[in-house]
Each structure stands twice: as structure tokens, then as C-alpha cells.
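The values are calculated or read from the model by the stated rules, or taken from the named source; none is laboratory data. Being a predicted model, the structure only gives us computed values, none of them experimental. Quick reminder, even Gly has a Cβ in these numbers, built from the backbone with ideal geometry, and neighbours come from all protein chains shown.
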Amino acid sequence: MPKKKEGQISPKNQLVRSLGTTDYIKNPLAYTQVRGGLSLMQTNVIVGIAAALQDRIEHYLKSHETSGYLFRDEDFEDSLLTFNLSMKEMGIKAKDYAAMEKDGRELASTSFSYMEERDGQRYMTTRNLFHSISFPVSSTTKDGGEIKYASGQRRTGIIKVRMHKECVNDLLNMKKGYVEHMKDIVPLCRCSRTPRLYIYLSAWFDRGYCDANYLDLKEYLGALTFDNKHINVVEDKYKRYKDFQKRILEPIRLEMDRLAAENKIDFSFTYETRYAEGRKKGNPQEIEFKIIFSEHGRARRREQKVKRLQARLIEMFRINPDEWKQIEFLVTDESLEMVKDQLTRIKKLVEEHKPDCVHAYVTTVLVEWLKKFEPTNLTPAEEIKPVVPSLSQEETQCWTNFTAFLTEALGENFADIYISCSELYRVNADKTVLIHVPSRFVAEKWHEHREQVNEAFTKAWRGYAGYQYVTDEMIEDGKV
């Protein structure tokens, strides 16, 4: 057997093995974007509900449904859905049950803001997510015996959460996709807002960076509250950015730095402020986060890339398990970043030579390339961004005009949040313009205003065929 190259991670590596013992859950993106202040125990309830959805989410993904809904009408009773959550499974100790009851009752009466969709229109709404949160008791022991407490009752260790049907359909919904994050993030944290920002940034784990509107971020973390119409600010706990930074951002960053250094979480972050044009101080317009991967995070990121490579090889060439083992053994971190171009080359070779056994031919060619592969000076993993093809001066000017027309039509707020994070990726030979967006969610936000987008495109891109949204995943998978 050939000697394993440097840069490969052995399956016996402790960090790689730890990935198998760390539980990650799929959390509907809409649910992770609910805005409001939460204690650690209250966040535990929110995450506990997401954890309870895993079987339904896996079934939904395998069934290739497109409705987005995880529950049917028959799952509701009087328009309410019930979750029975185990406090023990959530990491809540028996001595903390009383405190959990107090926080749970407060959570049931707390209002949150989230994006609601009705009749094809979206708008921000503020409401209670939960109809009730209760803590069932029993008059007998687990074995059916007599309770010795003076009250004659004992806590069962169960949290009974009931959610309104409208909230379930709006938030526990897969239309926007999902965020994958650690299930047990809450018990690791001391700062109440750390799990919230960790889950928010987990949506950008693959991309490695994101921009957040400053006011939206403050509202998300519970430091700012709008009125019910989401127009006027009714409470701003930290009006100055330096106070928000000192009391909110820095404590979260320091805690995540510590947890990442101990390899208890997969990343921490750094951040920079972005100001409106002409300003250099005061409250920023947005905050740019850069994800810094821990050793655990780098191993997880690599594992995800390897799984995507395997899926592509099976989909494109129907390679079998034994052939995959040969390829996987030779894959290095550096070659993973270059393999997409090789698959394009190999696909052309298959079309040219038309081998009798395609999967065997592909395996032979790819194995030979991996054996000869020499690493180059690549950008570190956390710095890697999609390679944007070169653009002509005309194309660049058309893009500038397009975004200007769109900003004029939709306003500065939309531009700051959704246009600024998007970019011109490429113009195809058939004159189709590819617009790179960071996620499907951003593409949906553009699509909501398709009339204005179409009008701006027609004005700016005269003679061009049309436009198409592309994501990092589509680029990495060679689908564009």
C-alpha cells in the first residue's frame, strides 16, 4: 500500500474521532433567526425543540418534499403542537429544575420578532412563540411507589411546550434550509448570548465570513426592541456602539475563543465595523464577522468536503465503495481544494475516450493524479473564498449600474443587507448573468422583489439574456 502523504488526517486522529461523538443537529434556518433576549436555560428550550425535530427533518430531506412543512394538520390538537422535552437530555441538573421552571414561565410570556409570510408577502411580526410551557409532576415515584415529600408530588424532569400552529408553520419550516450546529452548545456557555451568536454564525460555517446589519444584530441578541409594527425603537439597552461592544460582543468573543482553544466548539470569530459612506466613528452600519476555525472545526470542515467529493463521484461516475477507499486514502487537505478542476478534466476525458467501464477509468485517472499531486502555497482554509472569474470592464459597469438602479428602487436598507453581500460572479457565453449570493435565503429576498430586479436588470444589462443566482455550494459542486 502506498505511503500516506503529509497533510492527510488519519481516521485514528483524536479530533477526527471526536467528530463521531459530537452531536450536530439540523435547525431550520427560519427558527434560528428569531430575535429576542434569552437566558441560557431559555435558549436550552429553544435548542431542545430543534433537537426534537431531527427525525422529521431527516425524513423531509430524504423525501425530497418542497413544501417546507415538517408537520401535517393531524399533528396539531386545537391548533397547538406539543413537545415533551427531557431536562436531563438538555443537560439541566436536578438542582436547577426550580430555576428552569421560573425561566420557562417567563419564556412563555416573552414576545419575539421574526419574518412572517402570508399570501406571498413577508413582513416582520412580533408575538409570543409559545402557547404554554409547563412542568408536569407525578404523585408516585418512577417505580410506582409512594412519594415521601411533604407536597406528595415530584417533578418528572419533563418540560411540556405547546406552540401555536402559525408559529410552527412559519418557523419550524425547511423552506429557507437549515443550519447545522452542535446540539450541546448551551451547557458549555456561561454568557447567555454566546449560544445565540454561535448558532447565528453557524449558518456561515462553509463560507467563513458574513456581514450583519448592526440594528438587526442588536435586536437578535436582545439588546434592542422595536414596536409591534417593527418601525420605532422602544428600547435600546446600549445606545453607543462601544457599550454594545464591551457588554455584548467582547464577552461572547472571549468565551468562544476559550471554548475553541479547548476544542469544545468548532470555531470562534473576529469582527470589524463598517460605517456608512463618509463616516468613520459612532454607531456602525454593519459588522463583518470572520470565522476562525478551531482544530475541531478544521477537521469537521474537511470531513464535510470529503463527503461532498464522495457524493459527486457517485453521482457523476457511479464509483463503488472499494474504488472510493482508494481515492479517500490519498486525498490531502491541499488536493481537496484543487479536485474540482480535476473532475471537470476527467469528465472531458470520459466523453473523449468513452471507456467501457467509466467508474474504473475515473478511479484510475484520479488516483494517479492524487499520487502525483504536489501542494502549492494555498490560502489557509479560513481565508478561502470562491474564485471569481475575470470580468470585462463592460460587465463591471453593467453590474454597478444594476445595483444602483436596484438600490434606488428598493432603498438603502435592502441594499445594505442583501445587495452589499452579493456580487457579479460571471457572464456565460449565452449572455446569462450569474449573481453570487451567500445563501439561498438571500436569493429568496431578491426573488421577493423580482419585479424591481427584472426592471433594474433590463435597464442595466441591455442585450443580455437574463440572470441566475448561484451559491458557494453550487460553485464548489461544479453546478455553474
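Leu249 - would you say it is in a helix (DSSP H, G or I), within 21 Å of the chain's Cα centre (by Cα) and either surrounded by 18 or more Cβ atoms within 10 Å (Cβ to Cβ) or among the charged types (D, E, K, R) (or both)? For Leu249, the condition - in a helix (DSSP H, G or I), within 21 Å of the chain's Cα centre (by Cα) and either surrounded by 18 or more Cβ atoms within 10 Å (Cβ to Cβ) or among the charged types (D, E, K, R) (or both) - is met.
Within region 337-349, is there a residue that is over 33 Å from the mean Cα position of the chain (by Cα) and surrounded by fewer than 17 Cβ atoms within 10 Å (Cβ to Cβ)? Scanning region 337-349 turns up at least one residue that is over 33 Å from the mean Cα position of the chain (by Cα) and surrounded by fewer than 17 Cβ atoms within 10 Å (Cβ to Cβ). Of the strands (runs of 3 or more DSSP E) entirely within region 82-200, those holding at least 2 residues that are aromatic (Phe, Trp, Tyr) and in contact (Cβ under 8 Å) with a residue 12 or more places away in the chain occupy 111-118. Looking at region 219-226, is at least one residue over 17 Å from Thr270 (Cβ atoms), under 16 Å from the mean Cα position of the chain (by Cα) and crowded, with 18+ Cβ neighbours inside 10 Å? Yes, region 219-226 contains at least one residue that is over 17 Å from Thr270 (Cβ atoms), under 16 Å from the mean Cα position of the chain (by Cα) and crowded, with 18+ Cβ neighbours inside 10 Å. Within the option set Arg308, Arg302, Arg279, Arg312, being of a type outside the set (Ser, Thr, Tyr) and either farther than 25 Å from Lys340 by Cβ or in a strand (DSSP E or B) (or both) holds for one residue only, Arg279. Screening Arg301 on (1) surrounded by fewer than 19 Cβ atoms within 10 Å (Cβ to Cβ); (2) touching a residue at least 24 places away in the same chain (Cβ under 8 Å); (3) out of contact with any helix residue (DSSP H, G or I) (no Cβ under 6 Å at 6 or more places or on another chain); (4) not acidic (Asp, Glu) shows it passes everything except condition (1).
Residue pairs whose Cβ atoms lie under 7 Å apart, sitting 6 or more positions apart in sequence or on different chains, and linking a residue in region 438-460 that is more than 14 Å from Lys175 (Cα to Cα) and of a type outside the set (Gly, Ala, Ser) to a partner that is at pLDDT 90 or above and not in a helix (DSSP H, G or I), are Pro438/Cys210; Trp446/Tyr469; Phe457/Tyr467. The set of residues in region 458-480 being among the hydrophobic types (A, V, I, L, M, F, W, C) and in a helix (DSSP H, G or I) consists of Ala460, Met474, Ile475. What are the residues in region 393-424 that are without any contact (Cβ under 8 Å) to a residue 12 or more places away in the chain and more than 28 Å from Leu215 (Cα to Cα), if any? Gln393, Glu394, Gln397, listed by residue number.
Inspection of region 444-463 finds no residue satisfying the criterion of being out of contact with any helix residue (DSSP H, G or I) (no Cβ under 8 Å at 6 or more places or on another chain) and among the hydrophobic types (A, V, I, L, M, F, W, C). Screening Glu455 on (1) more than 29 Å from the chain's Cα centre (by Cα); (2) assigned to a helix (DSSP H, G or I); (3) modelled with pLDDT under 90; (4) more than 22 Å from Arg274 (Cα to Cα) shows it passes everything except condition (3). Residue selection: Thr332 satisfies the criterion of being within 27 Å of the chain's Cα centre (by Cα), closer than 22 Å to Glu374 by Cα and surrounded by 16 or more Cβ atoms within 10 Å (Cβ to Cβ). Look at (1) part of a helix (DSSP H, G or I); (2) not assigned by TED's automatic domain parsing to the domain that holds Tyr69 and you find that Trp204 fails only one, number (1). Give me the residue from region 425-454 that is of a type in the set (S, T, N, Q) and surrounded by fewer than 18 Cβ atoms within 10 Å (Cβ to Cβ) and, out of that set, nearest to Ala212 (Cα to Cα). If we take residues in region 425-454 being of a type in the set (S, T, N, Q) and surrounded by fewer than 18 Cβ atoms within 10 Å (Cβ to Cβ), then Gln452 is nearest to Ala212 (Cα to Cα).
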